[in-house]
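This report concerns only the one structure given below.
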Amino acid sequence: MEPVVIRAEGVGKRYRISSLGRPENALTDRGSHALSKAAARVQQTLHNVIHARKKEDFWALRGIGLEIRRGECVGIIGKNGAGKSTLLKLLSRITEPTEGRIELTGRLSAMLEVGTGFHPELTGRENVYLNGAILGMRKTEIDAKFGAILEFSEIGKFIDTPVKRYSSGMFVRLAFAVAAHMEPDILVVDEVLAVGDARFQKKCLDQMSAVAENGCTVLYVSHNMATIRQMCTRAICLKEGRVIFDGDVEEGIRQYQAEGGAHETDIDLTQRERMDFLSGEATMTRLELLDTRDCVYAYEEPIRFRLHFCSHTEIDRPVTLRVELHDSRGAVGMSYSEAFAPQLAAGNHTAVFSFAGHCLAPGSYTIALGLGTGDNFGAFSTLDCVYPTFAFEVLGREGPEGREVWRANWGSIHLPPCILDKTGA
Amino acid sequence: MAGGEQRKTVIEAGGRNLQYWRDLWHYRGLAFHMARRDFSVRYKQTVIGLAWSLLNPLLNMLLLSLVFGTFAGFGQDSEVPYYVSVFAGVLPWTLFSRALTVASGTLLNNAHLMTKVYFPRLVSPLASAATALIDALISYLILFLLMGVNRYLPPARILLSFPLLLPIALLGTCLGLVIATMTVRFRDLNNLVPYLLQIGQYVTPVAFSMAELRERLGGGHPKLFAALYYGNPMTGLETAFKWAALRGEALDGKALALSFLWLAAVAAFALLRFRKVERTFVDIV
């Protein structure tokens, strides 16, 4: 069995959040007079200094125990705020744990961001050396790998051009190329792959897999389950600062997705961000998802929801609802309702819809709803839309052998079955 | 890759000091690259490039010569033109103030880096101190030029002024680090630094010598004099530098020893504070 290269025992990280009492109200209540604002700020600061001990503790991680062996490729998953990034920060020594102990064997390199320390005025070549040094490489090491880095980045003759003249794609390619050639014993990666075009992303993933096959241990944080499936041999699922699952990748992803709770079923749409091209004649105010507690749907189960909206003027055209379906890779499809009202009087309205997602493969999706007038033959004019409006999960089909397995790289649409026309002899 | 030196790293609250110094040594290349970055960035896209690092001490020299020489009548009996001796005082002071300024901003100005990647945080102020040192060496060109124009031959002991640059840069850096640790919580402190240095320039023997000042005061204001003499860490180093660079200046061994005592105390305090703050400052910024 391979030796343990990362051993964490009882690791915890506490953050102090100041709970601000009265003086904060003073800050907002006193109106906009600059002087009184300044006075309030001074008062606030004094308050903070005096009551420094009354700060609230927040444990971003608590009681983390891990053993990771050499050559493992571990995916770390969990919802936002589960503690993934904190864990990476502790491992990469950006900040220290509050309690516990971590032992690392060998050299660890972290890629928490692509192009850390790149300076726009410097040329590509100078940045390679600077960035390499920041990542902990020695000059001789960078010298030796410079050719490979240059080739991987596909920058070519622009290597001696200041980086500020690069396209964002070139910048990212060069930055990743440096990081990808570090050859550490342990590599820690935080979703940096969410950059570059699809072809380059694939190249990055391949490079990381190659690094892992060379005996390097990889820790990879991502929200993209497809890449986790593709790369990782083990998954660690975090929730509220604790490890809730550690083991098989598929099971870990299932745990992560079943966590559900974060999926809202009664959504206030009034405060959500909107594009500025909307006509503003009507606003969607609230969305209730019906017949579900956690937005996790069985295979082919219809998604029913009640939409509350308010029309600010009388609209004399037929109104339609547009449903845009997205998965983690982008748009999956689009659907329109029939014109559900020939015209709308000013005031509040509700309407109940049912979206039959019966071709949706198991996975997680988001839906963006748009209210508009006209039809889907190029004449749709949007009154209001919210991106994304809500998120949901579709489970695999239950069969006699258990739940159906669906690989993310098969796509998100379960196509209709292939029909047998005839069999020959 | 795997294999080779499989060194163990232990991460825990409080950390290990030995490991830290080992890392610092490992990252010496980074200090070099950071210093080089500062230089190349400064000289790219500026028309007069190099001249910028010289302009500042020159302007300072003019200002101080005007205030102390013309207005206050200092330096009447020196054998070298007064402004030359002022420049010999401005050179180490510029080094000190540059080292202090960059060190005091090191945590906040590099926060974008430090929240994303680990390296011993001391690397960055040390790199900046190195840049300030090189600037100081470039300033020697001006000093020699001014001396040459006035057909003034500096004493051979001017060679001793070079090793003096090191404790001067170190003192500036350490004082800057103390401020840096405080700015993490109280950012406004950064705005104070230029004022403090401005004041420091007038209460440090940059444009005058302590002997001349004592003479001028004629025994009056003994407390003020003592404060400038004992309470200003730069007094001894400034005096020693001017002694090395100019004939006719006297070496004040006591003042120099005092400066070194200050340096030891400030350095110890700065390192303790900085090591404590750098562990978790990322959580606050």
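Compared with the direct C-alpha span, the chain from A:K422 to A:D266 gains 51.2 nm at full extension, assuming 0.36 nm per residue. For chain B, the longest principal axis of the Cα atoms and the long axis of helix B:234-245 meet at an angle of about 60 degrees. The packing ranking of peptides B:82-93, A:127-138, highest mean first, is B:82-93, A:127-138, where packing means the average number of other beta carbon atoms within 10 angstrom of each residue. Taking the helices alone, chain B has a mean residue ellipticity at 222 nm of -22000 deg cm²/dmol, built from -39,500 (n - 2.57) per DSSP H run of at least 4 residues and averaged over all its residues. Over the Cα atoms of region A:325-389, what is the Rg over Rh ratio if Rh follows Kirkwood? My calculation puts Rg/Rh at 0.99.
With a ≥ b ≥ c taken as the square roots of the eigenvalues of the C-alpha gyration tensor of the protein assembly as shown, please select rounded if a/c is under 1.5 and otherwise prolate if a/b is larger than b/c or oblate if it is not? It comes out prolate by the Cα gyration axes. Heavy-atom accessible area buried between chains B and A is around 3900 Å² (1.4 Å probe, both sides summed). Share of region B:13-284's accessible area from carbon and sulfur, percent, 1.4 Å? So the carbon and sulfur contribution to the accessible surface is 69 percent.
Measure up A:K89/B:K44; A:K89/A:K139; A:K84/B:K44; A:K139/B:K44; A:K239/B:K116 against 32 Å on the Cα-Cα distance and list the ones that go over. Checking Cα-Cα distances, A:K89/B:K44; A:K84/B:K44 exceed 32 Å. Remark: mean inter-chain Cβ contacts per residue of B:108-116 equal 3, using a 10 Å Cβ-Cβ cutoff to other protein chain atoms. Simple point charges give the picture: +1 on the Cβ of Lys and Arg, -1 on the Cβ of Asp and Glu, and for the protein assembly as shown a dipole about the Cα centre of about 2800 debye.
Give me the dipole magnitude in Debye, nearest 20, for chain A about the Cα centre, with unit charges on the beta carbon: positive for Lys and Arg, negative for Asp and Glu. List each step's numbers first, then the result.
Numbers: 49 positive and 55 negative charges, 313 e Å.
Roughly 1500 debye, rounded to the nearest 20.
Ranked by the mean number of other Cβ atoms within 10 Å of their residues, highest first, the peptides B:237-250, A:165-178, A:387-400 come out as B:237-250, A:165-178, A:387-400.
Here the 3J(HN,Hα) profile of region B:81-91, calculated from phi with Karplus coefficients 6.51, -1.76 and 1.60 at θ = phi - 60°, is x, 3, 5, 5, 5, 5, 5, 4, x, 5, 4 Hz, Gly and Pro shown as x.
For peptide A:3-11, the mean count of partner chain Cβ atoms within 10 Å of a residue's Cβ comes to 1. With the highest mean first, a sort of the peptides A:71-78, A:141-148, A:356-363 on other beta-carbon atoms found within 10 angstrom per residue produces A:71-78, A:356-363, A:141-148. Remark on A:L290: its backbone amide H falls under 5 Å from those of A:R304, A:F305, A:R306, a criterion applied only to residues 5 or more positions apart or on other chains, H modelled at 1.01 Å from N. Calculated mean residue ellipticity, 222 nm, chain A: -7500 deg cm²/dmol, from DSSP H runs (n ≥ 4) at -39500 (n - 2.57) each, averaged per residue and rounded to 500.
Other residues within the sphere of radius under 14 Å centred on the Cβ of A:E281, judged by their own Cβ, net out at -1 (K and R +1, D and E -1).
Per residue, the accessible area of region B:13-284 comes to 46 Å², computed with a 1.4 Å probe over protein heavy atoms only. Give me the angle, in degrees from 0 to 90, between the Cα long axis of helix B:123-149 and the longest principal axis of the Cα atoms of chain B, rounded to the nearest 10. On a 0 to 90 degree scale, this one is about 20.
Annotation: amide H-H contacts under 5 Å for A:S222 (H modelled 1.01 Å from N, sequence separation of 5 or more, or interchain): A:I76.
Were the residues from A:H223 through A:S335 laid out at 0.36 nm apart, the gain over their Cα-Cα distance would be 37.7 nm. Among beta bridges identified by DSSP and lying wholly in the protein assembly as shown, the antiparallel ones come to about 80 percent.
Amide H contacts of A:V332: A:L325, A:H326, A:D327, each under 5 Å away and 5 or more positions distant or on a separate chain (H built 1.01 Å from N in the peptide plane; Pro and chain starts excluded). Whole-Hz Karplus values for region B:165-181 come out as 4, 5, x, 5, 4, 5, 4, x, 4, 5, 4, x, 5, 4, 5, 4, 5 Hz, taken residue by residue from phi with 6.51 cos²θ - 1.76 cosθ + 1.60 and θ = phi - 60°; glycine and proline positions read x.
Note that region A:145-156 has calculated 3J(HN,Hα) couplings of 9, 4, x, 5, 5, 4, 5, 4, 6, 6, 7, x Hz, one per residue in order, obtained from phi through the Karplus relation 6.51 cos²θ - 1.76 cosθ + 1.60 (θ = phi - 60°); glycine and proline are x.
Going by a ≥ b ≥ c, the root eigenvalues of the Cα gyration tensor, does chain B fall in the rounded group (a/c under 1.5), the prolate group (a/b larger than b/c) or the oblate group? Taking the square roots of the gyration eigenvalues as a ≥ b ≥ c, chain B is prolate. Shape class of region A:230-350 from the Cα gyration tensor (axes a ≥ b ≥ c, square roots of the eigenvalues): prolate, since a/c reaches 1.5 or more and a/b is larger than b/c. Peptide B:32-43 is shielded by partner chain Cβ atoms: per residue, an average of 4 of them sit within 10 Å of its Cβ.
Rounded to two decimals, what is the ratio between the C-alpha radius of gyration of region B:98-232 and 2.2 N^0.38 Å?
Computed over Cα atoms of region B:98-232, the ratio equals 1.30.
The values are calculated or read from the model by the stated rules, or taken from the named source; none is laboratory data. Predicted model, so just to flag it, every value in this text is computed and none were measured. Cβ: placed from backbone, ideal geometry, glycine included. Neighbour counts: every protein chain shown. Side chains included, ligands, DNA and RNA excluded: accessible areas come from the protein's heavy atoms. Shrake-Rupley method; radii C 1.70, N 1.55, O 1.52, S 1.80 Å.
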